[in-house]
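Computed from the coordinates by the stated procedures, all read-outs in this text should not be read as laboratory data. Just so we're clear, the structure is a prediction, and the values are computed from it rather than from any experiment. Cβ placement follows ideal geometry from the backbone for every residue including glycine, while neighbour counts extend to all protein chains displayed.
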Amino acid sequence: MDKVERIMSRFVGRAIHGYDMLKEGDRVIAAVSGGSDSLAMLYWLSEWKRRLGFGFDLIAINLMLDFGMMSNKEELKAYCSSLGVSLEIVKVNPHEVIDPSNPCYTCSRYRRISLFRYAEKHGFNKIALGHNRDDLVVTFFMNMMFHGEIATLKPVQSMFSGRFEIIRPLIFLRKETIRKWLRSRGIKEILDYCPYKYETYRKKVEDILFNVIYPINEKVRNNIFKAIFNVKKEFLPEKPKHGRF
């Protein structure tokens, strides 16, 4: 086992065991876009299904947004088949669900709703998403900057009074580690075309972090991630009894 394989295995294991993400009898939907994170997530979920001493059901769901571009879903089907995971493809007309003034939010919201509807209809209790540690940090900054709140992605997130859980097995892995692992395995991304992906606030915040903030010091990137798990509430002010900001 090479170094990047060991890193992937260790940190996926830390997330799964550290947060009890998987339990016997779970029925898990893996949301697979064809991007690097979701392909890696599906591989490691299938690997943990083999390693764990109990059984859980696993299927892959692809919400295919048709922007009028060619899309080779046969490759995605073949990849899922190689892992022994069945794939369901749900086609969506993006122009019916996406608000061009806020495309990423409306797209993400629709995708999430679609996954919950599928889970409820077919009796699944967990939805696995491919968010990594960089997504966690970017979301943290976006919530501060655009929503005025301290919040970010949770490794395990209970939804609808516990009826469903969102799990994020890659939450401790940097995106470049995931991509390096994919290259070592010869796994290529299978992406749909999205006309908005380079114009989003998320991309702008990510660029600021990687091009301005992280280069300040070699420890900054890791320290920001660690700080999210090291909240000292006694040093945070409470809201005043009266008045608004």
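Below, the figures for the structure above:
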{"item": "Choice from F210, F172, F140 showing the highest fluctuation, given a GNM over the chain with Cα pairs closer than 10 Å", "result": "F210"}
{"item": "DSSP beta bridge pairing in the chain, given as percent antiparallel to the nearest 5", "result": "20"}
{"item": "Euclidean distance of C-alpha centroids, the range 139-171 and the range 222-245, integer Å", "result": "16"}
{"item": "P(r), alpha carbons of the range 3-194 - 5 Å bins starting at zero, rounded %", "result": "1, 7, 15, 20, 21, 19, 11, 5, 1, 0"}
{"item": "The range 104-177: radius of gyration and largest Cα-Cα distance (Dmax), Å", "result": "13.3, 38"}
{"item": "Amide H partners (placed H, <5 Å) of D26, local residues excluded", "result": "D57"}
{"item": "Where labels lie 7 Å past Cα in the beta-carbon direction, separation of S184 and R117 in nm", "result": "4.1"}
{"item": "Relative contact order (percent, whole number), the chain, Cα cutoff 8 Å, 6+ residue spacing", "result": "25"}
{"item": "E88 paired with E24, simple spin-label distance in nm, labels 7 Å along Cα-to-beta-carbon", "result": "2.6"}
{"item": "Sum of side-chain charges, S9 neighbourhood, beta-carbon under 10 Å (Lys, Arg +1; Asp, Glu -1)", "result": "+2"}
{"item": "GNM result for the chain, Cα springs below 10 Å: residue of K23, K180, K233 fluctuating most strongly", "result": "K233"}
{"item": "Intensity falloff of the range 1-67 expressed as log10 I(q)/I(0), Debye formula with alpha-carbon point scatterers, at q = 0.18, 0.19, 0.27, 0.28 Å⁻¹", "result": "-0.73, -0.80, -1.31, -1.36"}
